[in-house]
1. Would you check which residues across region 411-442 are in contact (Cβ under 8 Å) with a residue 24 or more places away in the chain and aliphatic (A, V, I, L, M) and list them?
2. Report, by residue number, each residue of region 241-261 that is surrounded by 13 or more Cβ atoms within 10 Å (Cβ to Cβ) and either without any contact (Cβ under 8 Å) to a residue 12 or more places away in the chain or among the basic types (K, R) (or both).
3. Within region 218-240, can you find the residues that are surrounded by fewer than 16 Cβ atoms within 10 Å (Cβ to Cβ), out of contact with any Lys or Arg (no Cβ under 8 Å at 6 or more places or on another chain) and of a type outside the set (K, R)?
4. Could you go through region 148-158 and let me know if any residue there is closer than 30 Å to A245 by Cβ, in contact (Cβ under 8 Å) with a residue 12 or more places away in the chain and surrounded by fewer than 21 Cβ atoms within 10 Å (Cβ to Cβ).
5. Please enumerate the residues belonging to region 262-310 that are of a type in the set (D, E, K, R), over 30 Å from S459 (Cα atoms) and crowded, with 24+ Cβ neighbours inside 10 Å.
6. Just wondering, is there one or more residues in region 210-231 that are small (G, A, S) and modelled with pLDDT under 95?
Amino acid sequence: MIVEVSARHHLKKIKSLASPGAAFVLDEVSKIRRSRPASAESEFEIGRLFEGCGFKYEAIEAYWLSVSLGRAQADSFERIARLYESLGYCGRSLWYSVMAEKLNNSDLALRKLLARTQCRIGRLAVGLRTYRRTMKLCPEDAELHSKYLFALLHDASQSPARLKRANERWRLLHCPTSPLRISFSNLPNPNRKLRLAYLCAEFRQSPAYHVVAPLIEGHDRDHFEVYCYHLSETSDEITGEYRKAADHWRDVAACGPDQIRDRILRDRIDLLVERSGHISRPLGIEVCQRRAAPVQVAHLNYPCTTGCREIDYLVSDRWTSPDQEGFSDQYSERAVYRVPSGCLVYRPQRDAPPVTRLPANRDGNFTFGLFQRPAKVNDDVWDAIAVILKSTPRSRLLVQHGDRELAESGSTARRRVIRALGRRKIAESRIEFVGAKSKCDYPGMVANVDIALDSFPYSGEITTCTCLWMGVPVVTLAGDRHSSRVSGSILSRVGLEDWVATSIEEYIGIAAAKAADLAALGRLRAGLRQRMSESSVCRPEIVVRELEEGYRWMWRQWCASQTKVMGLPTAAK
């Protein structure tokens, strides 16, 4: 008991400080360990101390010591699993999640963790089943159901219609009542300066920065007053950049959807834009379903419908959402607004290195790259990759994603790839693995491949843009759903329509044919960054102006509806 009391005393002391330094923490740990011989409980408290101060590796070591000393309890394994997950070690996180769940299979938080780690490591079918079983136990959990929907986007067996129904089911379960109908006090003047608001959980360090920041910064302040509602509990230096770019900033992560709606109504927002969908917390969708502004828009990082009928418009483009029979039907939003030059604008990484020579011309081997997370890579993708490798002499595949274990020989992440290609008669010697890379090192790593192979039916976005910026063209398959067509839109806007396939056979053919013409590939690589710079993908002054024209048109539609209701004469409109 003396050790436990001592540990808690020191833990309380450290938590009372704003930001304890490493030396101080280590000194406190030494005091705890000197106060009495090591015990399971004292090491567990030391683990909590380290974890609370952000020393994750030290916390894992202490928690493991507590397990080895006899504290093999679910909370010990769960803490280790969560720490490994946050550090990017998916296989270890899954192993400890399984151990924790075996010891306490009634803990819903553990089941959520297990489902999440199963999906992240690429065991998608198992992860989806775990999500469904857990949702039966807590059907009222909107955030759990939201994470399931994001995972479901990776399932190749889902049709656009089934995905739409799944997203609408979320709305019916978690926002079942009709929104309050209010008479908005916003002046229905079609030409006045508008209050434009963004609801987003990615106003922080995330890949979305490359496509969200140029949008926020690029608005014409003579015609739009920009509000940002930050839905994430996490803030960092990137959050500071967003805060400076906004005319008005609202931290609302601690608020419920009704409170956020009330805040938006007090701010008298004219157009409300939801950015996150089901990629992060579904708070933005919950707010929109309550109707917080006269015009509500989805301009999403989430490549699917929100399922929200109270969102008036979904922003897309003619490549991602062709104006053809069947495509508009996959959206629950009332209408699709297609930005003429494309709906995405990309800001390249400022410190990206220069474009290098074609790797195949340096070492004689042709390198294909696969940079998508494991859940995106299904059997059809592996089949296509195997045929491409067999069709291309002296070729190999470089595999990289965010799992740190990919850099470790014998890891679960590596074994999954080796087994998948081994079953298709591709030798392990033809596969190169690269583990997680820092933001600074990632573009340089991408430059080590000649051609990147996209996943399907969930294609890339930021990854595709990064590849193109580094001179690496991407082969993609534009399918029948929104999530399968984002890369195709980007490539088409850069003038690489001939890299966009419409079938698996064409995908294989494009990759093999392009790899066979090194001279053409070298010329393309040398000029691809300039080509991308000159395209609308990297020109916010084009995309944001067209988007603003769309916002103005949407606003005028609302104004017209109000003047009809109020019976104003034409001259007053």
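1. A413, A420, L421, I426, I431, V434, A436
2. Of everything in region 241-261, those that are surrounded by 13 or more Cβ atoms within 10 Å (Cβ to Cβ) and either without any contact (Cβ under 8 Å) to a residue 12 or more places away in the chain or among the basic types (K, R) (or both) turn out to be R243, R250, C255, R261.
3. Those that are surrounded by fewer than 16 Cβ atoms within 10 Å (Cβ to Cβ), out of contact with any Lys or Arg (no Cβ under 8 Å at 6 or more places or on another chain) and of a type outside the set (K, R): E233, E237, G240.
4. Within region 148-158 (the criterion being closer than 30 Å to A245 by Cβ, in contact (Cβ under 8 Å) with a residue 12 or more places away in the chain and surrounded by fewer than 21 Cβ atoms within 10 Å (Cβ to Cβ)), the answer is yes, since at least one residue qualifies.
5. D270
6. No, region 210-231 contains no residue that is small (G, A, S) and modelled with pLDDT under 95.
Every residue, every condition in (1) more than 21 Å from E408 (Cβ to Cβ); (2) of a type in the set (K, R); (3) within 21 Å of the chain's Cα centre (by Cα), yes or no:
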| site | (1), (2), (3) |
| --- | --- |
| R424 | yes, yes, no |
| Y442 | no, no, yes |
| S455 | yes, no, yes |
| G460 | yes, no, yes |
| W469 | yes, no, yes |
| V474 | yes, no, yes |
| L477 | yes, no, yes |
| H482 | yes, no, yes |
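Rundown of residues vs (1) in a helix (DSSP H, G or I); (2) over 25 Å from the mean Cα position of the chain (by Cα); (3) under 17 Å from V449 (Cβ atoms), yes/no style:
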position	(1), (2), (3)
A512	yes, yes, yes
L521	yes, yes, yes
A526	yes, yes, yes
R531	yes, yes, no
V537	yes, no, no
G550	yes, yes, no
W553	yes, yes, no
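The values are calculated or read from the model by the stated rules, or taken from the named source; none is laboratory data. Computed from a prediction, not measured in an experiment: that's the story for all the values here. All Cβ positions, even for glycine, are placed from backbone atoms using ideal geometry, and neighbour counts span all protein chains on display.
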